[in-house]
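Notes to accompany the following structure.
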Amino acid sequence: MAVVPAVLRSEWTKIRSVRSTVWTLSLAVLITVALGVLISALTNNNFSRMPASEQITFDATYTSFAGMSLGQLLMIVFGVLVVSNEYSTGMIRASLAAVPQRGTFLFSKIAVATLLAFVVGEITAFIAFFAGQASLGSHSAHISDPGVLRAVFGGGLYLTLISVFAMGCAAMLRSPLLSLAILMPFFFLISNILHAVSATRHVANYLPDQAGQKVMMVVTTGDSRPYGPWIGLLIMALWVIAALVGGYAVLKERDA
Amino acid sequence: MIELHGLTKRFGEKLAVDSLTFSVRPGMVTGFLGPNGAGKSTTMRLMLGLDRPTAGDVRIDGKHYQDLDEPLRYIGALLEAQARHPGRSAYNHLLCLAQSNRIPRARVAEVLDLVGLQAVAKKRTKGFSLGMGQRLGIAAALLGDPTILMFDEPVNGLDPEGIHWIRNLMKRLAAEGRTVFVSSHLMSEMALTADHLVVIGKGKLLADTTMAEFIRQNSRSFVRVRTPQPEQLRDALHGAGITAVTAADGSYEISGVTAARLGDLAAQHRIVLHELSPQQASLEEAFMQLTAETVEYHAHETPPPEPVAAEPVAEPAGAWGENWQQRGRGRSGEGG
C-alpha cells in the first residue's frame, strides 16, 4: 500500500508547483476583502438614510462578508482545478501509475487542498471582517461581541467547504470546463434566485451555500432558515460528503 | 516478469483486447507489435491498472498492479499520450512522482541528467518539444530504478538522434537484466531492438516468438534470376530438380539454392543471365502479411472470420494477396 504521508507530500508538491493555485487563492482573498470593504464603506455612508427596521436588524459582521458571493467563486475555481487538472492534462495516468490505490490518491489530494483552502479561507474571513469593520465606523461590530467570532471563523469554514464541494464535483465530472460551467452559475445566480423567490425559498434553504451562509450571520431576525448556524454548516458538510463519495465512486469505477 | 492471462477489454461493442495470454520476461527487450488500433496502448493501460479489464488479469512479479508497494520501484512506464501538467516544471513533475513512492529527491536530478534535461529542469514543460517530452516521460519511468520498463511507441515523432538514443537505452536496460517491454507499429524498429516479439492484431495474439525465430520463419530469402532465354533456363532448372517461381516482370524467384549454384548451372547450359541477385523479403513485409487480415477488418468491417491462430505466418491467404503483390517484389503465380 502506498504510504499516506508520502502521497500527501507528493500532492503538496503538485499543488504548490502550479500557478493556478496562487492566482485563484490570492484573488479569492483580494476580491472578498475588497468588495467587503467597499460595501461596508457604502453602508456606513448611507446608514442614516436606511429605514429604521433595517437599522435595528443591521448585521455589521455579515455586511463585511458581502465579498464572499464573488470570493467563493474563486474558491470553487481552485477546488475544480486542483482535481480536474489531473484529467485535462493527462497527469492522472502518471499519478495513478504511481499511486494505484485510487482512494488514497484522491483523498490525499483533497486533504492537502482542503487544508490549504482552510488556511486561505480563515485568513480571508478574518481580514474581510477587520477591514470591513474599519470601514463601518461607528456601526461596526467587535470580534468579542456575542456570535461574532463564530461568524468569522464560520466564514472561513464556509469558503473551505464550498471549495471541497467543488473538488468532489470535479472528481465526478472530470472536465474543468464542465465543472465550472455548472458550479459557477449555480452558486452565483441560481441558488440566490431560488432563495429570493418565496415559492422556492424553503427548498433553497437546504442548498449547500444557503445552508452554509447561516453560520456567518450574527443577527438572524427575519431570516427564513429554520435552523441554527452549526446545523446550517452541517447541512453544507453533508452536501460536501455526498460530492466526495460520488467523486470517489466515479474514480474507483471508471477507466483513468 | 509480466504475465497476462486471458486479458480482455471491451469498450461497448468493440473488443479492444481479446483474451491475451503471454509473458514478458526479464533480461531482454520484448517488442509489442501491431498495426495502429490493434490494442497495444489499451493493453499497456490494463497492465498499469489504469483501465479495468473486462476479464482476465495481469500480474507483475506475481502481484496485481494495485497491490504493488510503491509501484514506481517495480515498473516504470512511458505512455503514448503525454501525462504531465504543462504548467509544472520538469523538476517538480518528477519530484511529485518521486515523493509519492518515497524515492529520494536526489534521484530526480539523476534521471534528469540521464535523459539530458538538466538544463531545462526548472522550466515549465509547456514549451517542451515532442522529443523533450519523451525524454521527460522516460526520466519518470526510470525514477524508481525499476526492474520492469514499459515504453509505448517511444520513438514516435523523434528525430534520428533521439531514436538512436532510445534504442541504445532500451538495449542497455535489458542488458542490465531488466524487463523491457516496448510497443511499436513499425517492424523495422522492432527488428533493431527487440529480442522477443509479441504481435497482436485486433486485440488478438498473432505471434509470441523470439525475434530470431520470427526472422527465420518469415524472411523469405530467394535468388532473382533474369534471362532473355526463359525457356532454356526453365528446362535447365527442371533438369536439376530446382523449382522456380515466375515474378510479374518475367524474372524467376528461386528459393533454397545459392546464387553461385544457379550461376554455374546457367554457364553449363550456356544461358545468358541479365540478373543473378540474392534477395531477402523484409520483416516489414512479413509483419504486414501476419497482420493483414486484422487490418482488413478495419477497412471493411466484415464479420470477423475464424480467430487467427497464434502461430507465425501461415500460407499467404487471398485476402492480402493483392496487397502483397503491390508491396512485395512483384511475385505472381506459382509458375515453375
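Worth pointing out:
- Each DSSP beta bridge with both residues in the protein assembly as shown is either parallel or antiparallel, and the antiparallel ones are about 65%.
- Accessible surface ranking that places the most exposed of A:Ile235, A:Ile76, A:Ile190 first, with a 1.4 angstrom probe: A:Ile190, A:Ile235, A:Ile76
- Among A:Ser40, A:Ser198, A:Ser69, the largest mean-square fluctuation in a Gaussian network model of chain A (Cα springs under 10 Å) belongs to A:Ser198.
- Residue by residue along B:237-246, Cβ atoms of other protein chains within 10 Å of the local Cβ number 0 on average.
- Residue-span extension gain [A:Ser198 to A:Ile241] - 0.36 nm each, minus C-alpha spacing: 12.7 nm
- Amide H within-cut-off set for B:Ala247, under 5 Å, with H built and near neighbours excluded: B:Tyr252, B:Glu253, B:Ser332
- Phi to ³J(HN,Hα) by Karplus 6.51 cos²θ - 1.76 cosθ + 1.60 over the range A:111-124, Hz, x for Gly, Pro: 4, 5, 5, 5, 4, 5, 4, 5, 4, 5, x, 5, 4, 4
- In chain B, helical runs assigned H by DSSP with n ≥ 4 each contribute -39500 (n - 2.57); averaged across all residues and rounded to the nearest 500, the mean residue ellipticity at 222 nm is -11000 deg cm²/dmol.
- Cα long-axis angle, helix B:160-175 against chain B (0 to 90 degrees, to the nearest 10): 80
- Partner lysines for A:Lys14 [C-alpha distance under 24 Å; skip if fewer than 8 residues away on the same chain]: A:Lys109, A:Lys252, B:Lys122, B:Lys123, B:Lys126
- For B:Leu130 and B:Leu186, a Förster radius of 22 Å and the Cβ-Cβ distance give a FRET efficiency of 0.85, rounded to the nearest 0.05.
- Accessible area buried between chains A and B, both sides summed, probe 1.4 Å, in Å² to nearest 100: 2700
- Under Karplus coefficients 6.51, -1.76 and 1.60, residue-wise ³J(HN,Hα) of the range B:184-191 in Hz, glycine/proline x: 7, 10, 10, 4, 4, 5, 5, 4
- Ratio Rg/Rh [Cα only; Rh per Kirkwood] for the protein assembly as shown: 1.19
- The long axis of helix B:130-142 is offset from the longest Cα principal axis of chain B by roughly 70 degrees.
- Listed residues A:Ala28, A:Gly222, A:Leu81: farthest to the positive end of the dipole of the range A:4-253 (Cβ charges): A:Leu81
- In this structure the amide hydrogen of A:Asn205, modeled in the peptide plane, comes within under 5 Å of no amide hydrogen from residues 5 or more places off or on another chain.
- Among the GluC sites (Glu not before Pro) found in the range B:143-218, those both in a DSSP coil and sparsely packed, with 15 or fewer other Cβ atoms within 10 Å of their Cβ, are B:Glu176.
- Over chain A, dividing the summed -39,500 (n - 2.57) contributions of all DSSP H runs of at least 4 residues by the number of residues returns a 222 nm mean residue ellipticity of -25000 deg cm²/dmol.
- With all protein chains kept in place, the per residue accessible area of chain A amounts to 40 square angstrom at a probe of 1.4 angstrom.
- Estimated FRET transfer efficiency (B:Ser277, B:Asn36; beta-carbon r; R0 35 Å; 0.05): 0.55
- B:Gln279 long-range amide H proximity, modeled H, under 5 Å: B:Phe222, B:Val223, B:Arg224
- Acute angle (nearest 10 degrees) that the helix B:318-327 long axis makes with the longest principal axis of chain B, alpha-carbon atoms: 90
- Dipole of the range A:4-253, positive direction: furthest Cα of A:Ile143, A:Tyr206, A:Ser48, with charges on the beta-carbon: A:Tyr206
- Each 10 Å bin from zero holds the following percent of Cα-Cα pairs in the range B:36-106: 16, 42, 32, 9, 0.
- Ranking B:His93, B:Thr54, B:Tyr65 by how far each Cα lies toward the positive end of the dipole of the range B:25-107 (charges on Cβ) leaves B:His93 at the top.
- FRET efficiency estimate (nearest 0.05) - Cβ-Cβ, B:Ser255 to A:Arg254, R0 51 angstrom: 0.45
- Taking N as the residue count of the range A:4-253, its C-alpha radius of gyration divided by 2.2 N^0.38 Å amounts to 1.05.
- In a reduced charge model with +1 at each Lys and Arg Cβ and -1 at each Asp and Glu Cβ, the protein assembly as shown shows a dipole moment near 1660 debye about its Cα centre.
- Across peptide A:12-18, the average count of Cβ atoms from other chains found within 10 Å of a residue's Cβ is 6.
- Electrostatic dipole magnitude of the range A:4-253 [Cβ: Lys, Arg +1; Asp, Glu -1; Cα centre; debye, to 20]: 640
The values are calculated or read from the model by the stated rules, or taken from the named source; none is laboratory data. Predicted model only: the values in this text are computed from it and were never measured. Glycine also receives a Cβ, built like all others from the backbone with ideal geometry; neighbour counts cover every protein chain displayed. The accessibility values were calculated without ligands, DNA or RNA, using every heavy atom of the protein model including side chains. Shrake-Rupley method; radii C 1.70, N 1.55, O 1.52, S 1.80 Å.
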